1. What FRET efficiency would be calculated for the residue pair I267, R37, taking the C-beta separation as r and a Förster radius of 41 Å, to the nearest 0.05?
2. Using only the Cα atoms of the stretch 30-105, what semi-axes does the equivalent ellipsoid have when each is the square root of 5 times a gyration tensor eigenvalue? Give whole Å, largest first.
3. So what is the relative contact order for the stretch 199-313, in percent, with contacts set as C-alpha pairs under 8 Å and at least six apart?
4. In nanometres, what is the gap between the two model label sites at R18 and K195, each 7 Å from Cα along Cα-to-Cβ?
5. Specify the inter-centroid distance of the stretch 221-238 and the stretch 255-317, based on alpha-carbon positions, in whole Å.
6. Run the reach check for K180 against lysines, Cα to Cα strictly under 19 Å, same-chain hits fewer than 8 apart removed. What comes back?
7. In nm, give the distance between the simple-model label positions of S327 and R299, each being 7 Å from the Cα along the Cα-to-Cβ direction.
8. Heavy atoms of the protein only, probe of 1.4 Å, neighbouring chains included. What is the accessible area of K103 in Å², nearest 10?
Amino acid sequence: MTAENPLSATWQVYTGSRTPHDRVDRLPDPPPWRRFRGGPPLPTPPGGTGNHHAAVSYRPGADAVRQVNAALYLRRPLLVTGAPGTGKSSLAYAVAHELALGKVLHWPITSRVTLRDGLYAYDPLTRLYAAERARGDGAAAGATGAAADDIGDYLRLGPLGTALLPYARPRVLLIDEIDKSDIDLPNDLLTIFEKGSYELVELARRAEPTARVMTADSTTDRVEIRDGTVTCRAFPLVVMTSNGEREFPPAFLRRCVTVDLKQPRTIDELTAIVREHLSEVVGDETGQLPQGARDVIQRFYDRRGGGLLANDQLLNAIYMCHHASFSEPPESVAELADQVMPYLSSEATGPDDA
């Protein structure tokens with residue numbers, strides 16, 4: 001390690017330690033083609049990630065850690081693929097927790113979602129009704145009308161729009177299940193990701209294109225938008241998850257950092273996952289799992305060769321079987337485990353397929 005390296009201990013900003021630190025502030029300047037000049041800089045909103053359990057229980061693999069760091073360094077979106085239950089969404093919360101980046105902005109995707117939904121929403125009907133009420137209020141119409149004409153009361157930034165505000169430190173944006181989107185959304189996102197900015201059309205058309213608007217974080221705290229345009233400062237860490245249900249255009253893929261999360265390959269890896277999530281519920285005073293939990297883990301592992309199973313099914317089965325074991329015979333508990341862990345498809349996910 002040379003003295004010139006700004007990260008003295010390691011080049012990695014995110015290490016997967018699950019211990020909060022301020023190493024993100026030691027990121028080097030972005031590449032020249034990924035520099036954005038939004039301002040004035042905004043502080044990170046206070047509070048947790050929004051999913052504390054996922055943030056502190058997720059165990060990232062070495063590949064995930066490296067690719068998260070690549071996305072942070074290059075200021076590029078991270079496309080996370082993998083089977084259900086491999087922790088694609090949890091990765092976003094784990095990074096936000098360790099790097100102290102505040103609440104994760106969550107944008108769940110369906111086939112009906114458009115780019116505009118992620119950027120901002122404008123409510124012209126409510127604004128019109130407020131103006132009509134103000135006009136009918138007689139002597140008070142002047143004062144009330146002025147308040148009703150505050151366009152900021154009717155504009156709210158979406159998760160993507162909020163993430164692109166000029167924060168001094170990157171926000172974490174989780175775009176969940178992007179493979180379920182309309183065919184045009186990935187390409188529409190490319191322009192936003194390249195420019196790092198967008199225009200609020202309703203605000204830009206006004207003679208005074210400056211307003212204080214609501215964000216995805218809060219309807220009470222406002223941010224000022226100047227000249228009808230939002231430009232980021234620190235490019236957000238955009239985590240896009242995909243279950244592999246579609247292919248993405250090459251132009252989209254080459255602008256993303258990608259990582260494929262694998263199923264746990266061994267009993268020990270599955271046991272470690274269960275211990276992280278459930279040791280306080282089913283473990284003894286040392287956190288060790290009882291024989292019943294280890295039996296369910298073995299059953300889950302053996303059954304993976306027959307079809308697709310998700311890790312959260314294993315957690316559900318252990319939780320249920322732990323409580324059922326106090327009053328049910330072992331054969332009934334084993335039957336319950338199978339009922340809670342039905343195959344999701346005929347696709348095998350054993351060690352050879354991971």
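The values are calculated or read from the model by the stated rules, or taken from the named source; none is laboratory data. Being a predicted model, the structure only gives us computed values, none of them experimental. Because the Cβ atoms are built from the backbone with ideal geometry, glycine has one as well, and the counts that use them run over all protein chains shown. Note: accessible area is taken over every heavy atom of the protein model, side chains too, but ligands, DNA and RNA are not part of it. Shrake-Rupley method; radii C 1.70, N 1.55, O 1.52, S 1.80 Å.
1. Working: r = 52 Å, r/R0 = 1.26.
Efficiency at R0 = 41 Å is approximately 0.20.
2. Values: eigenvalues 108, 66, 17 Å².
Three semi-axes, in Å: 23, 18, 9.
3. Working: 66 pairs, mean separation 15.9, N = 115.
It comes to 14 percent, rounded to a whole number.
4. So the label points at R18 and K195 sit 4.1 nm apart.
5. Computed from Cα coordinates, the inter-centre distance equals 40 Å.
6. The qualifying lysines are K88.
7. Between S327 and R299, the simple spin-label model gives 1.9 nm.
8. For K103, solvent-accessible area is about 90 Å².
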